[in-house]
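A.B. asks: Let me give you the structure first, and then I'll get to my questions.
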Amino acid sequence: MDEMGAISFRNADFSWLFHAMGPLAPGNVTRLKKIKRHENNDKPCNINCFTQECGSISVQAPAVNTKESPAEDWEAQSSRWQESAQNKTSQLLQLRKHRIPGKVLSPISTDVQNRLNKTAATLTSKHIEIPQAPRLQDILNPSAGIHATKSDSEQEIFSAGTDRTVQVEQRWMDRPTKIDSALKQSVAELATLRYAVDQWRNACNIKLPLQRVTIEGLKGALSDPNYPVRLEAIITCALGAVNGPQEELDPGKAGKGCKLKAVPQELQALIVSALDDPVKRVQMAAAVCQYAMRTPNARARDILRSTLKQDPSGTGADSWVAAQCLAIDGDTSQAVIQRLLSQHFLRDATSDREQSRMLLSNISSNTTLVRSLLAEELNSANCRTRVQACASIAQLRSPINKDLCNKLIYMMWNDWSCAVRHAAALALTKMDAAREMHSELSAKLKEGPTAWRVEALIFIGQLSIMTPKLLPTFLRCFNDDFVAVRKQACLTAASLMMDDQLVLDQLMNLMQNDPLWEVKVEAIDALGQIGWMNPALQELLMWAVHHEEEPSVRIAACKALSTLDAKGPELQHFLQERNALEPNADVQRHIESLLKKHGYSLGRNESKIHEIKLQVELLCTKHIITQKVLLMEERGKQQEQKLLC
């Protein structure tokens with residue numbers, strides 16, 4: 001209102017009320033008739049102001065010529081009114097800019113004769129589009145939202161009717177670039193840096209929303225006298241660096257395939273100056289930010305190394321992020337490796353263990369110190385520590401020496417923990433010691449004690465190792481004198497899915513002739529898991545369902561018939577007969593399930609059952625039972641006489 005100036009209602013032209021109160025208004029029809037009457041009486045008349053209770057409006061109508069005829073005089077008067085309305089239209093457009101708030105302008109009618117409003121169709125007005133509000137398109141964390149395609153430093157938005165501009169603060173955003181396959185290593189390093197900075201931010205309990213951060217705000221925060229504000233600003237810059245887009249550098253520079261652009265140049269100078277901040281925590285944050293931007297310098301490296309020395313316990317968050325940054329940069333010092341090992345063995349967080357294991361694997365290609373320190377952990381009294389040490393050794397990129405290979409072989413056979421033995425064997429398979437482990441397995445199967453033979457069979461099944469050299473000794477295990485070895489041989493054959501005819505023959509031999517029903521069950525289960533089927537095997541399984549005394553063997557045979565999808569009319573009649581005669585409820589339930597699976601009828605042969613019952617009743621008569629008892633007594637006496645003689 002100050003810019004528009006004070007509005008004088010006395011001097012304002014309220015011509016927009018003309019047509020609302022004009023001659024065509026409903027209340028002014030009688031006034032027009034009076035004017036007409038004055039013209040007919042040849043009395044000069046001037047149209048004075050139209051009055052209203054709310055105020056007076058002065059409209060000077062053209063003078064009326066009383067000498068003309070009434071019809072011509074009315075047409076002339078109407079044309080003069082139209083000309084007057086057109087003159088007022090231009091004034092009305094100027095008034096719209098300074099109209100009273102909340103007042104609605106009435107349409108202007110210029111066709112008095114036909115009472116049609118043609119002004120709205122012919123009038124051209126300048127439309128001022130109100131621009132959109134400033135958007136947060138330059139966000140600090142590009143990965144959290146959609147990448148913007150344009151980033152302007154400033155935008156000017158003009159408001160309607162004024163010359164004022166709205167300045168939009170610059171946000172942090174650059175156009176993302178594609179990362180090709182040649183930069184996979186740099187992408188992995190970036191993910192490692194992102195994890196390190198994010199975990200350190202959580203440890204510092206800083207939860208600044210990145211979407212609300214502006215460059216101007218960060219500039220002010222980096223120069224703030226309060227060190228917590230400076231600390232938050234630097235950590236925010238580090239988060240923006242590891243989450244921002246990248247630009248490709250010279251492909252000839254190995255290990256430095258991309259550079260992070262998320263931190264603007266005007267902030268980088270302030271971050272570098274923060275390396276000499278009087279507060280040690282701010283110096284630490286600035287050093288981490290330098291590594292996050294992939295622009296480390298000697299001062300930042302010294303700060304991180306000093307942080308490692310100040311944490312002898314190896315459990316602090318600052319020393320953990322310092323060790324990660326230095327390891328990513330290729331530092332192979334003992335302090336860095338020991339801090340990574342401390343995080344790997346002392347922390348329960350799975351993500352921290354994976355992070356430390358990956359960093360140890362990366363730097364092991366440049367030093368043998370990682371291998372030596374991990375070998376010391378193999379002597380730990382904690383079995384979980386030994387398992388983790390074996391898993392970490394398996395991922396090292398340095399060549400394995402003979403001493404470490406012998407240590408792992410010894411642990412594979414002699415450690416009291418089954419998990420440690422398996423981890424040691426798995427580590428040997430992933431390293432260059434596969435030949436030595438293969439020789440050990442072959443030797444233990446041939447000449448080792450029973451426990452080692454069982455353990456060797458377990459290793460063969462878990463590691464999926466089977467070679468022509470191991471096959472002959474493996475086949476001999478099916479005929480071993482110890483039950484545990486025969487059972488484990490069946491389990492190993494099932495886990496390896498060995499469909500070799502020699503192995504299948506051994507399994508069918510065990511299911512028929514082994515003296516223990518436990519071995520028969522394992523052999524039948526192995527045949528079912530392998531999935532090999534022929535008529536001979538189907539006959540053997542049917543024989544087991546009919547004649548085996550142990551219900552567990554009969555149940556295993558039913559499961560194998562179901563797994564192998566055996567069919568045929570002979571099988572149908574057999575299952576229906578066994579369903580009627582099976583005494584064990586569990587076996588009968590499996591037989592019924594097998595019949596339903598193939599769609600066979602569960603109805604029993606009543607005539608066959610009646611015949612069987614008659615035979616049983618005949619055999620159970622008193623006369624026959626007496627004869628059998630007397631015959632048995634006589635045979636017993638004969639055997640006693642033979643023994644006495």
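The values are calculated or read from the model by the stated rules, or taken from the named source; none is laboratory data. Treat the numbers as computed from the prediction; the structure is a model and nothing was measured. Every residue, glycine as well, gets a Cβ built from its backbone with ideal geometry; the counts of neighbours run over all protein chains shown.
Residue-by-condition table, conditions (1) free of Cβ contacts under 8 Å to residues at least 12 places away in the same chain; (2) part of a helix (DSSP H, G or I); (3) buried (at least 21 other Cβ atoms within 10 Å of the Cβ); (4) hydrophobic (A, V, I, L, M, F, W, C):
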site	(1), (2), (3), (4)
ALA523	no, yes, yes, yes
TRP532	no, no, no, yes
VAL545	no, yes, yes, yes
ARG554	no, yes, yes, no
ALA566	no, no, no, yes
HIS573	yes, yes, no, no
ALA580	no, yes, no, yes
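A.B. asks: Residues in the range 492-506: is at least one part of a helix (DSSP H, G or I), of a type in the set (Ser, Thr, Tyr) and more than 30 Å from MET411 (Cα to Cα)?
C.D. replies: no
A.B. asks: So which residues in the range 272-291 are hydrophobic (A, V, I, L, M, F, W, C) and under 33 Å from the mean Cα position of the chain (by Cα)?
C.D. replies: MET284, ALA285, ALA286, ALA287, VAL288, CYS289
A.B. asks: Then there's this: Check the range 303-314 and report whether any residue there is in contact with a Lys or Arg (Cβ under 7 Å, 6 or more places away or on another chain) and either not assigned by TED's automatic domain parsing to the domain that holds ASP198 or not hydrophobic (A, V, I, L, M, F, W, C) (or both).
C.D. replies: Among the residues of the range 303-314, at least one is in contact with a Lys or Arg (Cβ under 7 Å, 6 or more places away or on another chain) and either not assigned by TED's automatic domain parsing to the domain that holds ASP198 or not hydrophobic (A, V, I, L, M, F, W, C) (or both), which makes the answer yes.
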